Amino acid sequence: MTLTLDVSAVPGKPAGAGRYIVELAKRLPSVIDDVSLMTRRGDDQRWREWSPASKVLPLVPSSRPGRLLYEAVAVAHTSLMRHSDVWHSPHYTMPHGSTSPVVVTLHDMTFYTNPEWHERRKVDFFRRAIQYATREAAVIITVSDYTARQLRDLCPTERPVVVAPLGVDRERFSLDASGDSLSTYDLRKKFILYVGTLEPRKGVDVLLTSFEDLAREDSSLELWLVGQRGWGVDSVDEQLARHPFAGRIRQLGFVDDAELPRLFRAARVVAYPSRGEGFGLPVLEALACGAPVVTTRDSVMSEVAGEAATLTTAGDAGDLAAGLKTVLDLDDEQRRTSSAVGHARAATFTWERMMEQHLVAYEMAREL
């Protein structure tokens, strides 16, 4: 099979959907003989390092408008498209008028369920992209059953839908703390850890409110925020500026690959109060490291974490504070039990299983 994967939408510091695309690109050459990665111009070197057995083709304009126009208008007429048995567009959008079968990954349906969580200009664009994919793609991939159910309810499609849950790198995210002494942070501190982009749907505002009560009760407790700044963070900045315990809140920004597992293992609890996701990869990675997790019920996080996390009501600061306090008060034996349960849960999600489901989708697309 000749497969082309469009990696042109992955930012310089991949997170969320970007991480999924990177992991996919790394593994494709081990299961498919002929893999091409279509990148932005000037963005080919990192992909050659990540996926050395793939053909890396820097064809796409580097600007966002140029990239989207190229995909919508030009790609269908390229020799790359004509010579691909299957084309995979892994981030909602797909080429118009494609001459090869296209597989499209839809990560979540929040552009429909909660448009207020996104920049206004993106909502209409991605709604149209999803609608086009549900009509024209050969196969749809979702990264969770939760998203697949929402797709059926909100934008029904006659196209086959393959669910391919994400995985966790168990060598990187593990219980092994032997190298944690190399951390650039003081891991002896008692801290709540949040990992994720700072944007409205992630619930950072709720976490900051919850931390007020917890910090008032425990003068040693800190809150560490890991992740890049997204859109709509002005309200979070304002909340931080007037927070009574701002001096005990650390904004670490984007941390490197080696540091993140150390932070998970050292955290007293990992808080992931997101209002809505397609998958929620940080929850899985935290569980793999043995960290106790508090996240939200009635969401995809329930599907990912199962019984291994403490679940609270999205948007409810009081409920979140109560859940965090319950975990913070665990004794050593209870923490060891929690760690073992979480680690076992995370072990059921593998990138190999994700790849198997992608192969199913590719074969279905080629046979249509």
Taking a straight Cα-to-Cα line shorter than 19 Å from K26, and setting aside same-chain aspartates and glutamates fewer than 8 residues away, one finds D6, D34, D43, D44, E49, D169, E171, D256, D257, E285, E352, E356
If one builds a Gaussian network model of the chain from Cα atoms under 10 Å apart, the most fluctuating residue listed among A17, A76, A25 is A76
Once the in-chain neighbours fewer than 8 apart are removed, the lysines whose Cα is under 21 Å from K325 read K189, K190, K202
Note: K122 to A246 extended length (0.36 nm per residue) minus current alpha-carbon separation gives 41.4 nm
Summing -39500 (n - 2.57) over every DSSP H run of at least 4 residues in the chain and dividing by its residue count gives a helix-only mean residue ellipticity at 222 nm, to the nearest 500 deg cm²/dmol, of -11500 deg cm²/dmol
For the stretch 56-118 (alpha-carbon point model, no solvent) the Debye-based log₁₀ I(q)/I(0) at q = 0.15, 0.18, 0.23 Å⁻¹ works out to -0.54, -0.73, -1.01
So the pair-distance distribution of the chain, from every Cα-Cα distance in 20 Å bins, comes to percents of 29, 56, 15, 0
Of all trypsin sites (Lys or Arg not before Pro) in the stretch 225-321, the ones in DSSP coil with at most 10 other Cβ atoms within 10 Å are R242
For the stretch 12-98, Rg(Cα) over 2.2 N^0.38 Å is 1.05
Plugging the Cβ-Cβ distance of R48 and W231 into 1/(1 + (r/R0)^6) at R0 = 30 Å yields, to the nearest 0.05, a FRET efficiency of 0.45
Checking the stretch 133-175 for GluC sites (Glu not before Pro) in a loop per DSSP with at most 15 other beta-carbon atoms within 10 Å yields E158, E171
Taking Rh as the Kirkwood radius computed over alpha-carbon pairs of the stretch 1-154 and applying Stokes-Einstein at 20 °C with viscosity 1.002 mPa s, one gets a diffusion coefficient in µm² s⁻¹ of 135
Between the Cα axis of helix 145-154 and the main Cα principal axis of the chain, the angle (0 to 90°, nearest 10) is 60
For the stretch 134-184 the trypsin sites (Lys or Arg not before Pro) that pass both the DSSP coil test and the at-most-14 other-Cβ-within-10 Å test are R172
Note to self: C-alpha centroids of the stretch 271-304 and the stretch 336-359 sit apart, in Å, by 13
re the stretch 180-346: pairs of Cα atoms spaced beyond 25 Å account for a percent value of 23
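Computed from the coordinates by the stated procedures, all read-outs in this text should not be read as laboratory data. This one's a predicted model, so the numbers in the text were calculated from it and none came from an experiment. No Cβ is skipped: glycine too gets one built from the backbone with ideal geometry, and neighbour counts run over all protein chains shown.
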